[in-house]
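S.K.: My structure is below; once you've seen it, I'll send some questions.
The values are calculated or read from the model by the stated rules, or taken from the named source; none is laboratory data. Here the structure is a predicted model, which means the values were calculated and not measured. In this analysis, Cβ positions are derived from the backbone assuming ideal geometry, glycine residues included, and neighbour counts consider all displayed protein chains.
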């Protein structure tokens, strides 16, 4: 378990290059239509064979857009990564199963084309926040992101939907989005945590109700398969700030995530 204060004091200098501490200008992406929707690719000038962060935004499976990335592109490009942010079809136009399929199609497009933009298709880490966290976990664990190098999961309760219902957490957007119990197993990332070892996984949680309990339970299930798992205690963050603070100066989650990225694909 990574303690926020300890990490901030002990690790910031080691994991954040000096050039990342100054505010970076927001880079301009190149936009592509991958079929169901569009995606943005951000690359540094002169990029060649760089690791890639493939990001899926949140929004309760009903709203949000690929441009809502905050400081992520500037920070990650400054630290030697390419960054991709995707749109996917929203409820009610598309159900969650269709959204997961969209994520897999976007990943396939990126994997086939990122080398032309300076990225390494063999070093892609899937990252998502909230609904995007659920979709990255679901697709990554069920094999829908072939050869993905790692998963960076940022704050969801939707790891095990049956357990969530049992614990009284199937409320608000979860109850609305996952209204059909017959789909819970197929749409639960935990269903795909079997005897196989999965890609290295970073799991962060905020102080929002239930996030810590579900995240730690999911981490233990993954560890039981031999998967390398890092858990970040983000109880100092809200559900929104754990996403919006990423890439900002002095942010502890950013330092921990960068350490994970560098150790996984750096």
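S.K.: Suppose we filter the range 200-213 for residues that are touching a strand residue (DSSP E or B) at 6+ places or on another chain (Cβ under 8 Å) and either within 23 Å of residue 165 (Cα to Cα) or surrounded by fewer than 18 Cβ atoms within 10 Å (Cβ to Cβ) (or both); how many remain?
M.R.: Total satisfying the criteria: 5.
S.K.: Also, I was wondering about something else. Filter the range 113-137 for residues that are assigned to a strand (DSSP E or B) and crowded, with 24+ Cβ neighbours inside 10 Å; which is farthest from the chain's Cα centre (by Cα)?
M.R.: Among residues in the range 113-137 that are assigned to a strand (DSSP E or B) and crowded, with 24+ Cβ neighbours inside 10 Å, the one farthest from the chain's Cα centre (by Cα) is 119.
S.K.: Taking the conditions exactly as written (modelled with pLDDT of 95 or more and at positive phi), does residue 247 satisfy them or not? Before you say what the answer is, go through the steps one by one.
M.R.: Working: modelled with pLDDT of 95 or more: yes; at positive phi: yes.
Here the answer is yes, as residue 247 does meet what is asked.
S.K.: With the requirement that a residue be closer than 17 Å to residue 37 by Cβ and either free of Cβ contacts under 8 Å to residues at least 60 places away in the same chain or surrounded by fewer than 18 Cβ atoms within 10 Å (Cβ to Cβ) (or both), what does the range 61-82 give you?
M.R.: Restricting attention to the range 61-82, the residues satisfying the condition of being closer than 17 Å to residue 37 by Cβ are 61-69.
The answer is 62, 63, 65, 66, 67, 68, 69.
S.K.: Consider residue 89 carefully, then state whether it is surrounded by 24 or more Cβ atoms within 10 Å (Cβ to Cβ), assigned to a loop (DSSP other than H, G, I, E, B) and at pLDDT 95 or above.
M.R.: Taking the combined requirement at face value, the residue does not satisfy it.
S.K.: Only one of (1) in a loop (DSSP other than H, G, I, E, B); (2) in contact with a helix residue (DSSP H, G or I) (Cβ under 7 Å, 6 or more places away or on another chain); (3) surrounded by 14 or more Cβ atoms within 10 Å (Cβ to Cβ); (4) in contact (Cβ under 8 Å) with a residue 60 or more places away in the chain is not met by residue 52, so which one is it?
M.R.: (1)
S.K.: Looking at 167, 95, can you tell me which residue is in contact (Cβ under 8 Å) with a residue 12 or more places away in the chain and either at negative phi or over 13 Å from the mean Cα position of the chain (by Cα) (or both)?
M.R.: 167 is the lone residue from the list that is in contact (Cβ under 8 Å) with a residue 12 or more places away in the chain and either at negative phi or over 13 Å from the mean Cα position of the chain (by Cα) (or both).
S.K.: Let me ask something else about it. For the range 232-260, give me the residue count where each residue is closer than 14 Å to residue 201 by Cα and touching a helix residue (DSSP H, G or I) at 6+ places or on another chain (Cβ under 8 Å).
M.R.: Residues in the range 232-260 being closer than 14 Å to residue 201 by Cα and touching a helix residue (DSSP H, G or I) at 6+ places or on another chain (Cβ under 8 Å): 4 in total.
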